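Peer 1: Have a look at the structure that comes next, please.
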Ligand SMILES: [Zn+2]
């Protein structure tokens with residue numbers, strides 16, 4: 001009996017570590033793909049001063065008078081990469097048994113947009129809308145002349161729907177633990193990627 005439960009704990013630990021490790025790797029890869037999305041649109045429209053950095057893609061498009069809608073598309077491209085992957089992940093997660101990669105990918109890919117939109121909505125409800133720096137959804141809405149609040153509500157709604165769909169498909173009884181592992185892994189993956197990227201590009 002003692003050996004069996006020690007074994008179960010060992011398997012549990014291995015399972016948790018594997019989940020955490022996958023979340024770290026997924027977040028790092030996702031951040032790269034997200035920035036690549038921004039870069040691809042900037043490159044397609046030949047933005048002046050386009051530079052790929054680990055966690056941002058800079059350009060001199062505004063000063064050079066590049067049309068607003070092209071800058072809006074560049075801002076939208078990063079989140080669109082994330083949401084495309086969330087859709088793929090949720091479609092894959094419909095099959096039983098639910099694939100671990102699909103759950104991790106869908107959860108990790110929807111965190112950023114959900115947090116951004118949630119923070120924006122709370123801030124504007126309190127009467128202090130945050131600045132547009134690094135805010136893809138806001139810049140995309142402004143550039144593409146879309147109403148900001150509905151865009152944020154839609155983004156937050158998509159994130160909540162994805163999380164609801166994926167979390168209810170996690171093994172019951174350990175959902176909270178799995179969600180905590182996923183969030184911790186996503187943050188770790190982002191930080192490690194940003195540090196490594198900054199080192200490589202310096
Ligand atoms: Zn972005």
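The values are calculated or read from the model by the stated rules, or taken from the named source; none is laboratory data. Since this is a predicted model, take the numbers as computed values, not measurements. So basically every Cβ, Gly included, is an ideal-geometry build from the backbone, and we count neighbours across all protein chains shown.
Peer 1: Specify which of the listed residues (170, 107, 166, 121) is touching a helix residue (DSSP H, G or I) at 6+ places or on another chain (Cβ under 6 Å) and part of a loop (DSSP other than H, G, I, E, B).
Peer 2: 170
Peer 1: Quick check on residue 78: is it closer than 24 Å to residue 188 by Cβ, within 16 Å of the ligand (Cβ to nearest atom) and modelled with pLDDT under 95?
Peer 2: Spelling it out, it is not the case that residue 78 is closer than 24 Å to residue 188 by Cβ, within 16 Å of the ligand (Cβ to nearest atom) and modelled with pLDDT under 95.
Peer 1: Same structure, new question: Among 177, 164, which is more than 16 Å from the ligand (Cβ to nearest atom) and surrounded by 14 or more Cβ atoms within 10 Å (Cβ to Cβ)?
Peer 2: On inspection, the qualifying residue turns out to be 177.
Peer 1: Given the residues 138, 85, which is the only one that is assigned to a helix (DSSP H, G or I), closer than 19 Å to residue 29 by Cα and either within 15 Å of the ligand (Cβ to nearest atom) or in contact with a helix residue (DSSP H, G or I) (Cβ under 6 Å, 6 or more places away or on another chain) (or both)?
Peer 2: One residue alone meets the criteria, 85.
Peer 1: Something else: If we keep just the residues of segment 15-39 that are in contact (Cβ under 8 Å) with a residue 40 or more places away in the chain and in contact with a strand residue (DSSP E or B) (Cβ under 7 Å, 6 or more places away or on another chain), which is nearest to residue 74 (Cα to Cα)?
Peer 2: 38
Peer 1: Quick check: is even one residue across segment 89-97 in a helix (DSSP H, G or I), over 22 Å from residue 38 (Cβ atoms) and at pLDDT below 95?
Peer 2: No - not one qualifying residue is present in segment 89-97.
Peer 1: Still on this model: Any chance segment 40-63 includes a residue that's within 16 Å of the ligand (Cβ to nearest atom), assigned to a helix (DSSP H, G or I) and in contact with a strand residue (DSSP E or B) (Cβ under 8 Å, 6 or more places away or on another chain)?
Peer 2: Yes, segment 40-63 contains at least one residue that is within 16 Å of the ligand (Cβ to nearest atom), assigned to a helix (DSSP H, G or I) and in contact with a strand residue (DSSP E or B) (Cβ under 8 Å, 6 or more places away or on another chain).
Peer 1: How many residues are surrounded by fewer than 22 Cβ atoms within 10 Å (Cβ to Cβ) and away from the ligand (no atom under 16 Å from the Cβ) if we restrict to segment 94-115?
Peer 2: 9
Peer 1: Still on this model: For segment 26-39, how many residues are over 16 Å from residue 111 (Cβ atoms) and either touching a helix residue (DSSP H, G or I) at 6+ places or on another chain (Cβ under 6 Å) or not in a helix (DSSP H, G or I) (or both)?
Peer 2: 2
Peer 1: A further question on this structure: Can you find a residue that is in contact with a helix residue (DSSP H, G or I) (Cβ under 7 Å, 6 or more places away or on another chain), more than 16 Å from the ligand (Cβ to nearest atom) and in a helix (DSSP H, G or I) anywhere in segment 195-202?
Peer 2: There is no residue in segment 195-202 that is in contact with a helix residue (DSSP H, G or I) (Cβ under 7 Å, 6 or more places away or on another chain), more than 16 Å from the ligand (Cβ to nearest atom) and in a helix (DSSP H, G or I).
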